[in-house]
Amino acid sequence: MVQPTIQIAHEDYGSSGRYVVTLPGVEGEAELTWHSGGPGIIVADHTYAPDAMRGSGAAAAMVQRLVADARSRGVLIVPACSYVRAQFQRHPDWSDLRADT
């Protein structure tokens, strides 16, 4: 069975925001939240996926979107969330975007 393409919404509140995934037929939503860490830095501080979405790729897709958005905006990411930090370890090609404060 082919999994549907994961659609990610980005809510930007200026100094904070979140990425959100909802899947058809699955209750709840997955989210990755972030806040400003100063000029040119965003802090990825929380990732959550409900049990029904675990293993769907939703969390990984949100981190990939965060990285793509950071790259296009020219900002660095502090991976404060343990899941985001683990994804950065799995993707050394993202090291140019990592900011540790």
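No lab work stands behind these numbers, since they all come straight from the coordinates. Note that the structure is a prediction, hence the values are computed from the model and not measured. Using ideal geometry, Cβ is built from the backbone for each residue, glycine included, and neighbour counts are taken over all protein chains shown.
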Self-check item: Dmax and Rg, reported as Rg then Dmax, of region 1-49 (C-alpha, Å)
Solution: 13.1, 44
Quiz prompt | Rounded to 10°, Cα long-axis angle of helix 58-73 versus longest principal axis of the chain | solution = 30
Self-check item: Net length gained if the chain between Ser82 and Glu11 were fully extended (0.36 nm per residue, minus Cα distance)
Solution: 23.4 nm
Self-check item: Kirkwood estimate for the chain, i.e. one over the average of 1/r between Cα atoms, Å
Solution: 13.8
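What 222 nm value per residue comes from the helices of the chain, counting each DSSP H run with n ≥ 4 as -39,500 (n - 2.57) and dividing by all residues, nearest 500 deg cm²/dmol?
Value at 222 nm, helices only, nearest 500: -8000 deg cm²/dmol.
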Practice problem: Evaluate the distance, in nm, between pseudo-label points positioned 7 Å from the Cα of Ser95 and of Ser72 along their respective Cα→Cβ axes. | Solution: 2.7
Quiz item: Size of the dipole of region 8-93 about the Cα centre, Lys and Arg at +1 and Asp and Glu at -1 on the beta carbon, nothing else charged, in debye to 20?
Solution: 320
Quiz item: Quick one: net charge of Asp51's neighbours, Cβ under 15 Å, K/R +1, D/E -1?
Solution: -2
